[in-house]
Amino acid sequence: MILKTILPIALAATLTTAVSADPWSDDFTKEFKPEVATYLSKWYEDNYSNYSYTYRKFCFCPDSGKSFTVDVRDNEVKKVTYTDTNESVPESYMRTFDTIDGLFAYLVKANKSAHKINVQFNERFGNPSSVYIDHDPRIADEETAYSIDQIYVMLP
């Protein structure tokens, strides 16, 4: 619950300091995506704390492109399964998955220093549905992209 209080405050602070000196080149993403604040507040307005979502991460990493079902209860990731087999991921691998709140926090943090960010949002729930982040144009294979295809809101 503390995250639901702190994240909007952090977002406001980031919005006021998002434009900074250009550390890379002329194509550095200087503008904060203004829709992030709009969709973040939409997500928090409905106060979702129990939901499942289908997640795919695209990177130069193991399981890139595989589909996972992430179950969140009381704003904590409780279970992650491979969507195609319904097999649970190893306990040690669960730490790499996050809540929608955590994905918003990552997006806000990346905006302060990333070279390029492209993001689309789910109109109904407000969550990021497709994200691409290139942290540093000088480094190959460090880009991160993920998609959230489906959200199922559950009663507590």
Cα-Cα over 25 Å: which of 78/112; 57/78; 78/116; 66/112; 42/66?
78/112; 78/116; 66/112; 42/66
Which peptide among 139-148, 57-66, 109-118 comes first, and what is the full order, when sorted by highest mean count of other Cβ atoms within 10 Å?
109-118, 139-148, 57-66
Could you derive backbone 3J(HN,Hα) for segment 121-127 from the dihedral phi with the Karplus parameters 6.51, -1.76 and 1.60 (θ = phi - 60°), listing whole Hz in sequence and x where the residue is Gly or Pro?
10, 7, 5, 6, 9, x, 6
Karplus (6.51, -1.76, 1.60) ³J(HN,Hα), θ = phi - 60°, over segment 67-79, in Hz, Gly and Pro reported as x
9, 10, 9, 10, 9, 10, 10, 6, 6, 9, 5, 9, 8
Gyration tensor verdict on segment 31-133 (Cα atoms; rounded if a/c is under 1.5, prolate if a/b is larger than b/c, oblate otherwise)
oblate
Distance between modelled label sites at residue 152 and residue 59, nm, 7 Å Cα→Cβ extension:
2.6 nm
In a Debye calculation with equal point scatterers on the alpha-carbon sites of segment 109-156 and no solvent, what is log10 I(q)/I(0) at q = 0.31 Å⁻¹?
-1.14
Leaving ligands, DNA and RNA out of it, work out the accessible area of residue 45 with a 1.4 Å probe and give it in Å² to the nearest 10.
140 Å²
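Under the 0.36 nm per residue contour assumption, what length would be gained going from the current alpha-carbon distance of residue 98 and residue 145 to full extension?
Working: separation 47, 0.36 × 47 = 16.92 nm, distance 1.42 nm.
The span from residue 98 to residue 145 would gain 15.5 nm if fully extended.
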Virtual spin-label span in nm between residue 112 and residue 86, 7 Å along Cα→Cβ:
4.3 nm
Between residue 74 and residue 136, the FRET efficiency computed from the C-beta separation at R0 = 25 Å comes out, to the nearest 0.05, as 0.10
If you take the charge dipole of segment 27-125 about its Cα centre, with +1 on Lys and Arg Cβ and -1 on Asp and Glu Cβ, which of 69, 114, 36 is farthest toward its positive end?
114
Relative contact order computed over segment 57-126 (Cα-Cα under 8 Å; 6+ residues apart), in percent:
17 percent
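The values are calculated or read from the model by the stated rules, or taken from the named source; none is laboratory data. Since we're looking at a predicted model, the values are computed, not measured. Here the Cβ is made from the backbone with ideal geometry for all residues, glycine too, and neighbour counts use every protein chain on show. These accessible areas exclude ligands, DNA and RNA; they are computed on the full protein's heavy atoms, side chains included. Shrake-Rupley method; radii C 1.70, N 1.55, O 1.52, S 1.80 Å.
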